[in-house]
Amino acid sequence: MNAPLSASKKKLYIKTYGCQMNVYDSTRMADVLAPIGYEPTSEPNGADMVILNTCHIREKAEEKVYSDLGRIRPHKEKKASEGSKMLIAVGGCVGQAEGAEIIKRAPYVDIVLGSQSYHRLPDMVASALRDGGGVVDLEFPEEPKFDTLPEATAPTGKSAFLAVQEGCDKFCTFCVVPYTRGAEYSRSVDEIISEAKILVRGGAVELTLLGQNVNAYHGLGADAKDWSLAQLIKALAKIDGLERIRYTTSHPRDMRDDLIAVHGDEPKLMPYLHLPIQSGSNHMLKQMNRKHTAEDYLEIIDKLRAARPDIALSSDFIVGFPGESDEDFKATMALVESVGYAQAYSFKYSQRPGTPAADHAAQIDEDVKSKRLQLLQGLLNRQQAAFNRATVGKTFPVLFEREGKYAGHLIGKSPYLQSVHVRNAKNLMGQLVEVNITEALDNSLAGEVVLDNTNILKRA
Ligand code: 5AD
Ligand code: SF4
């Protein structure tokens with residue numbers, strides 16, 4: 001017979017793969033399991049429950065999960081030999097996509113859950129303990145999980161994530177998200193503001209609003225009308241103690257004028273935007289079902305720069321989408337040249353089972369994909385280095401978030417989301433401090449705290 005769940009503290013180890021939404025979901029899973037006695041631990045050895053919160057967006061995701069499961073199995077066996085039980089759960093998008101197949105391949109897995117059902121984890125744990133595993137819950141419940149999640153309690157630090165929107169109705173032909181995350185859903189303004197206040201009371205100075213299509217946000221406001229992301233940002237900016245707001249990921253199609261205007265009007269909204277285009281070729285964009293052209297995108301960039309001249313831009317690119325010609329690829333390179341990114345992510349196209357592009361006859365050779373990716377990444381890296389160099393000599397606020405390698409060495413984030421290393425930053429952890437940038441490295445900056453008594457902008 002198992003001891004009652006709440007009798008003693010149990011250890012919960014969560015491994016998070018992939019995107020920021022998964023990081024957010026992992027903290028919420030910890031919140032859901034806290035009332036039944038689970039508290040986070042940093043390693044699987046000795047844990048009472050291990051959750052792999054997985055990602056399915058690109059290749060090798062499943063294999064990585066199975067090989068991690070193989071590594072966790074001996075810990076479960078060790079625990080069993082000591083007379084106790086370790087539950088293993090696979091959640092997130094691989095859980096959603098693979099379902100019961102996971103338990104077939106790895107029968108020592110007790111629970112498989114999707115991305116929309118983790119608020120029911122306590123029930124799943126109870127039935128796995130009662131029945132010895134085999135629990136699969138992949139439902140997209142009618143009642144959204146957000147309605148039943150407990151208040152956020154897990155520590156999130158100075159910079160916290162807050163999911164405001166989830167799912168996607170865009171159906172880009174390469175992407176699994178509309179299938180693994182489900183239809184687009186926006187949380188209500190009230191719910192978001194109260195979660196934001198809890199996070200700020202818990203010490204957060206910066207909030208990143210999350211959603212697979214965050215700028216499609218249209219949540220219910222107190223006036224019974226749907227609010228846009230721009231309205232939501234303005235309301236959040238009124239919270240005392242909250243100094244920085246960011247949002248990600250956006251779709252060009254939903255980059256409306258009111259949102260662009262907030263970039264100029266609201267100082268708490270940071271001058272950085274991740275706005276994926278995927279390709280610079282209109283032919284590819286059409287094949288990808290992106291619902292915008294390269295010209296639409298460039299027009300949005302012009303408007304953003306008019307509203308906030310120092311805005312730093314980021315994007316996602318896919319090379320080697322089925323049918324991509326040399327000309328199409330050149331159009332991507334030309335678009336990158338004309339925008340000038342502060343940083344960006346680029347990927348080789350990966351066939352995702354069940355998505356329309358996966359069955360396309362004109363798949364591109366791996367070596368062509370690799371060559372294109374190398375060229376694109378070379379250009380993006382040069383742009384990032386140039387952007388970083390251009391900040392040398394400037395002074396801006398840095399939010400210190402983690403310790404560096406040496407004593408007194410802290411690492412924080414610039415308004416433009418660059419990592420900034422500072423050596424003389426003793427006692428400034430968690431604070432927003434004016435830093436003068438002295439050196440640019442390829443992926444980060446080095447700087448010095450501005451030495452006067454007014455430099456601490458926000459005491460933690
Ligand atoms: N192949 C390669 N990259 C992909 N992405 C999404 N699906 C695929 C795929 N099948 C990339 C897109 C998206 C980012 C999150 O991942 O660039 O914006
Ligand atoms: Fe996927 Fe983004 Fe396209 Fe939605 S908009 S289908 S999340 S790439």
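The values are calculated or read from the model by the stated rules, or taken from the named source; none is laboratory data. Please read all numbers here as calculations on a predicted model, not as lab measurements. Ideal geometry is used to build each Cβ from the backbone, glycine not excepted, and the neighbour counts take in all protein chains shown. Accessible surface is based on the protein model in full, side chains and every heavy atom, while ligands, DNA and RNA are left aside. Shrake-Rupley method; radii C 1.70, N 1.55, O 1.52, S 1.80 Å.
Numbers at a glance
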{"item": "Yes/no for residue 403 being surrounded by fewer than 17 Cβ atoms within 10 Å (Cβ to Cβ), over 30 Å from residue 98 (Cα atoms), under 23 Å from the mean Cα position of the chain (by Cα) and away from ligand 2 (no atom under 16 Å from the Cβ)", "result": "yes"}
{"item": "Residue in the range 118-134 that is touching a Gly at 6+ places or on another chain (Cβ under 8 Å), under 29 Å from residue 207 (Cβ atoms) and charged (D, E, K, R) present", "result": "no"}
{"item": "Residue satisfying all of: in the range 175-193; out of contact with any Phe, Trp or Tyr (no Cβ under 7 Å at 6 or more places or on another chain) and farther than 21 Å from residue 118 by Cα; nearest to ligand 2 (Cβ to nearest atom) among these", "result": "175"}
{"item": "Residues (in contact (Cβ under 8 Å) with a residue 12 or more places away in the chain and of a type outside the set (Ser, Thr, Tyr)) located in the range 79-93", "result": "79, 85, 86, 87, 88, 89, 90, 91, 92, 93"}
{"item": "Within the range 293-326, considering residues that are under 14 Å from residue 173 (Cβ atoms) and surrounded by fewer than 21 Cβ atoms within 10 Å (Cβ to Cβ), the one nearest to ligand 2 (Cβ to nearest atom)", "result": "322"}
{"item": "Qualifying positions in the range 41-85 - among the basic types (Lys, Arg), under 21 Å from residue 18 (Cβ atoms) and buried (at least 19 other Cβ atoms within 10 Å of the Cβ)", "result": "none"}
{"item": "Every residue from the range 171-193 that is closer than 21 Å to residue 208 by Cβ and more than 12 Å from ligand 1 (Cβ to nearest atom)", "result": "184, 185, 186, 187, 188, 189, 190, 191, 192, 193"}
{"item": "Check on residue 263, more than 16 Å from ligand 2 (Cβ to nearest atom) and either open to solvent by 10 Å² or more (accessible area, probe 1.4 Å) or not polar (S, T, N, Q) (or both)", "result": "yes"}
{"item": "Wholly enclosed strands (runs of 3 or more DSSP E) of the range 289-382 bearing at least 3 residues closer than 21 Å to residue 254 by Cβ and within 15 Å of ligand 1 (Cβ to nearest atom)", "result": "316-319"}
{"item": "Near pairs, Cβ below 7 angstrom, 6+ apart or cross-chain, from the range 347-368 (closer than 16 Å to residue 284 by Cα and touching a residue at least 12 places away in the same chain (Cβ under 8 Å)) to any residue that is outside any loop (DSSP other than H, G, I, E, B) and within 11 Å of ligand 1 (Cβ to nearest atom)", "result": "347/318; 348/319; 348/369; 348/373; 349/318; 349/319; 349/369; 351/358"}
{"item": "Checking residue 418 against (1) over 30 Å from residue 320 (Cβ atoms); (2) surrounded by 14 or more Cβ atoms within 10 Å (Cβ to Cβ); (3) polar (S, T, N, Q), the condition it does not meet", "result": "(1)"}
